[in-house]
């Protein structure tokens, strides 16, 4: 399909005088603003960026938007979505300058995808509930991408996903073709098996055996994490969200331990593990009691 970029290139580049603070802006004005900032008259930092130099920002801004959503602050969520949108327009502007594609191509592709994969709306497929819709979407996606086997579908899960998310998605796609434990008990037993195998390797190393190297321990550790993700999937628990909550809980309780230590005139570095653990248990009890009120 022909690119829409030629129309964009014929438009004269905006100048500094075209931009000033006002109450509201349209999407096209954001596109023009990035075009100007990347121009010789624009910003030196913006001008020298590449896809590679800003790629981490795309991920970071997306996670910050999710964090704002979880916090329930709609104003902050709105602001963070703007930062995500900036990254999309930024990449599109860089691509336009290289002659690869422009923002109109990005919009065109996603519109075409929404129409071509909603064949229960715009085609002849039928889907009366969300599960049927997902099945139709995945079938259309597989056909569009030329994924001919179940293995192709697994390989299509992006390697740059966070490992927990990627494991979760891989397992779900494998389950779609019946490769799955029939009940959660099978997944639970796998956790026990993988834990025993990992600890057996670790204990052999501690005993002085050199027959097992670090790569083997790393492999078994991965198997254990994969088994945990599988069990959580069976329990309908998002592993990424579960670990996020655990991280926040640890920080919250650790802060309580540090506050209690300070109140007693001590620094954590000066305390024994037993003393800190006692404060940890105290903070844990107080937190649980507060939740019951």
Calculating Rg and Dmax of the Cα atoms in Å from this structure picks out, from (i) 26.0, 73; (ii) 22.6, 69; (iii) 18.1, 56, entry (i)
Relative to the chain, whose Cα atoms define the longest principal axis, helix 184-206 and its Cα axis are tilted in degrees, nearest 10, by 70
Here the relative contact order (percent) of segment 1-151, from C-alpha pairs under 8 Å and at least 6 apart, is 20
Whole-Å distance linking the alpha carbon centroid of segment 240-267 with that of segment 75-121 is 40
Residues of segment 252-273 with backbone N under 18 Å of the label point set 7 Å from the Cα of residue 289 along Cα→Cβ are 253-254, 256-261, 263-264
Sorted on mean Cβ neighbours within 10 Å (highest first), peptides 157-163, 196-202 come out as 196-202, 157-163
Taking a crude spin-label model, label points 7 Å out from Cα along the C-beta direction, the residue 204 to residue 43 distance in nm is 5.6
To the nearest 0.05, the calculated FRET efficiency linking residue 63 and residue 180 through their beta-carbon distance, R0 being 35 Å, is 0.75
Over the chain, the sum of -39500 (n - 2.57) across DSSP H runs of at least four, divided by residue number and rounded to 500 deg cm²/dmol, gives at 222 nm -23500 deg cm²/dmol
The helix 74-98 Cα axis meets the longest alpha-carbon principal axis of the chain at an angle in degrees, between 0 and 90 and rounded to 10, of 60
Note on the chain: contact order normalised by length, alpha-carbon pairs under 8 Å, 6 or more apart, percent, works out to 10
A correct fewest-to-most ranking of 118, 51 by other Cβ atoms within 10 Å would be 51, 118
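How much FRET efficiency would the formula 1/(1 + (r/R0)^6) give for residue 214 and residue 271, where r is the Cβ-Cβ distance and R0 is 51 Å, rounded to 0.05?
Working: r = 32 Å, r/R0 = 0.63.
After rounding to 0.05, the efficiency reads 0.95.
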Under a Gaussian network model of the chain whose springs join Cα atoms within less than 10 Å, the largest fluctuation of 220, 274, 80 belongs to 274
Quick calc: nm separation of the 7 Å Cα→Cβ label points for residue 50 and residue 125 -> 3.9
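Listing 36, 19 from the residue with the fewest other Cβ atoms within 10 Å to the one with the most, what is the order?
Values: 36 19, 19 14.
Ranked by crowding around the Cβ, least crowded first: 19, 36.
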Expected unfolding gain across residue 259-residue 221 under the 0.36 nm per residue rule, minus the alpha-carbon gap, is 10.2 nm
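Among rounded, prolate and oblate, which fits segment 125-170 when a ≥ b ≥ c are the square roots of the eigenvalues of its C-alpha gyration tensor, a/c under 1.5 means rounded, and a/b larger than b/c means prolate? The partial results should precede the final answer.
Values: a/c = 3.07, a/b = 1.53, b/c = 2.01.
Oblate is the answer for segment 125-170, as a/c is 1.5 or above yet b/c matches or exceeds a/b.
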Nearest 10, in degrees from 0 to 90: the angle of helix 27-37 to the longest Cα principal axis of the chain is 90
Simple spin-label estimate for residue 144/residue 108, 7 Å along Cα→Cβ, in nm, reads 1.5
Cβ density ranking, 10 Å radius, fewest first, applied to 102, 111 yields 111, 102
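Within the P(r) computed for segment 240-292, what percentage of the Cα pairs occupies the region above 18 Å? Display every interim value, and only then the final one.
Working: 494 of 1378 pairs.
Percent of Cα pairs beyond 18 Å in segment 240-292: 36.
Throughout, read-outs are computed from the coordinates displayed, never taken from laboratory work. Note that the structure is predicted; figures quoted are calculated from it, not measured. A quick note on method: Cβ atoms are made from the backbone with ideal geometry, for glycine too, and the neighbour counts reach across all protein chains shown.
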